[in-house]
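Peer 1: Please see the structure below; I have some questions.
The values are calculated or read from the model by the stated rules, or taken from the named source; none is laboratory data. All of these numbers come straight from a predicted model, not from anything done at the bench. Heads up, the Cβs are rebuilt from the backbone with ideal geometry, glycines too, and the neighbour counts pull from every protein chain shown. Calculation scope for accessible area: heavy atoms of the full protein, side chains included, ligands and nucleic acids excluded. Shrake-Rupley method; radii C 1.70, N 1.55, O 1.52, S 1.80 Å.
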Amino acid sequence: MNKKLIIVTSPPACGKTYISKELAKHLNHIVYLDKDTLITLSKQIFKVAGEPYNRSSDFFEENIRDYEYECVVELALEALEYEDVVLINAPFTREIRDMDYINGLKKKLAEKSASLVVIWVKTDPEIVHQRMISRNSDRDTWKLEHWDEYIASCNFEIPKELDSPDTKDDLLIFNNNNEEEFESSMKRITGILEESIQRD
């Protein structure tokens, strides 16, 4: 069996969390990590610094954002010492399009005899808007109040630069606009992952 780090990624409110948890239920020997678990610590940083809680602020960008990603990736790398598959649920909005970052991560994974799988959740912006309203989370307050500005900053393009013709599972697209797409994508991607984990 080959060790895998699976990153489930997309802009916020595309359905990453539900998809990630369902994938984790379907796969064996897996550790599930959600970057949002770190929000409790991040809120405390805002509080101690006397800053309003705004995950779209300059303060968040400068003092919190990158450290959340660094922390969850380090947890994943450590977990691969003890388990075959680790899944991270997080947007990775910039990192996923930074090939220096991706290649650096692949190098770290290779040292643990592990490979990287990126699952891109493809959801239309209109669906994202409705889901964000429905989930009613304080992390989305600024985004919903400044929707046009926020959505213009999101990149819904598939990160095709991650796709190598020689690797079947380096970039997998999970279509998630409706229940039919969800069921079809879950079946297809679970099958690919189970095959690649067992084969390698």
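Peer 1: Could you tell me which residue out of Phe92, Pro165, Met1 lies farthest along the dipole of the chain toward its positive end? Charges go on the beta carbon: Lys and Arg +1, Asp and Glu -1, centred on the Cα centre.
Peer 2: Projecting each Cα onto the dipole axis, the largest value belongs to Met1.
Peer 1: Around Arg97, under 12 Å between beta carbons, what's the net of Lys plus Arg minus Asp minus Glu among the other residues?
Peer 2: After counting each charged neighbour, the total is -3.
Peer 1: Using helices alone, what [θ] at 222 nm do you get for the chain, with -39,500 (n - 2.57) per DSSP H run of 4 or more residues, divided over all residues and rounded to the nearest 500?
Peer 2: Rounded to the nearest 500, the figure is -15000 deg cm²/dmol.
Peer 1: Placing unit charges on C-beta atoms (Lys and Arg positive, Asp and Glu negative, everything else neutral), compute the dipole magnitude of the chain about its Cα centre in debye, rounded to 20.
Peer 2: That gives the chain a dipole magnitude of about 360 debye.
Peer 1: Could you work out the percent of alpha carbon pairs in the stretch 115-165 separated by over 12 Å, rounded to a whole number?
Peer 2: Tail of the P(r) past 12 Å holds 71 percent of the pairs.
Peer 1: Provide the convex hull volume over Cα atoms per residue for the stretch 49-200, in Å³.
Peer 2: In the stretch 49-200, the Cα convex hull volume per residue is 144 Å³.
Peer 1: How high is the FRET efficiency between Asp66 and Ser113 when r is their beta carbon distance and R₀ equals 30 Å, given to the nearest 0.05?
Peer 2: 0.65
Peer 1: Further question on the same structure: Relative contact order of the chain: what whole-number percent is it, with Cα pairs under 8 angstrom and at least 6 residues apart?
Peer 2: RCO, the chain: 35 percent.
Peer 1: What nm distance separates the two modelled labels at His29 and Asp58, each placed 7 Å from Cα along Cα→Cβ?
Peer 2: Spacing of the two 7 Å Cα→Cβ label points: 4.9 nm.
Peer 1: Ignoring ligands, DNA and RNA, what percent of the accessible area of the stretch 56-200 is carbon or sulfur (1.4 Å)?
Peer 2: 46
Peer 1: Right, next: Take the residue pairs Lys3/Lys106; Lys21/Lys43; Lys16/Lys187; Lys3/Lys122 and return only those whose Cα atoms are more than 18 Å apart.
Peer 2: Lys21/Lys43; Lys3/Lys122
Peer 1: So, one more: Take peptides 145-157, 92-104 and line them up by average Cβ neighbours within 10 Å, highest first, as a rough protection proxy.
Peer 2: 92-104, 145-157
Peer 1: Give the distance, in whole Å, between the Cα centre of the stretch 96-147 and the Cα centre of the stretch 175-200.
Peer 2: Between the Cα centre of the stretch 96-147 and that of the stretch 175-200, the gap is 18 Å.
Peer 1: Rounded to the nearest 10 degrees, what's the angle between the helix 179-199 long axis and the longest principal axis of the chain, both from Cα atoms, 0 to 90?
Peer 2: In the chain, helix 179-199 runs at an angle near 50 degrees to the longest axis.
Peer 1: Hey, another quick one. Given the Cα-Cα distance of Gln44 and Ser137 and 0.36 nm per residue of separation, how much length would full extension add, in nm?
Peer 2: 31.8 nm
Peer 1: Roughly how big is the stretch 1-79's charge dipole about its Cα centre, with Cβ charges of +1 (Lys, Arg) and -1 (Asp, Glu), in debye to the nearest 20?
Peer 2: 440
Peer 1: Setting aside same-chain residues fewer than 8 positions from Lys160, which aspartates and glutamates have a Cα under 14 Å from its Cα?
Peer 2: Glu95, Asp98, Asp169, Asp170
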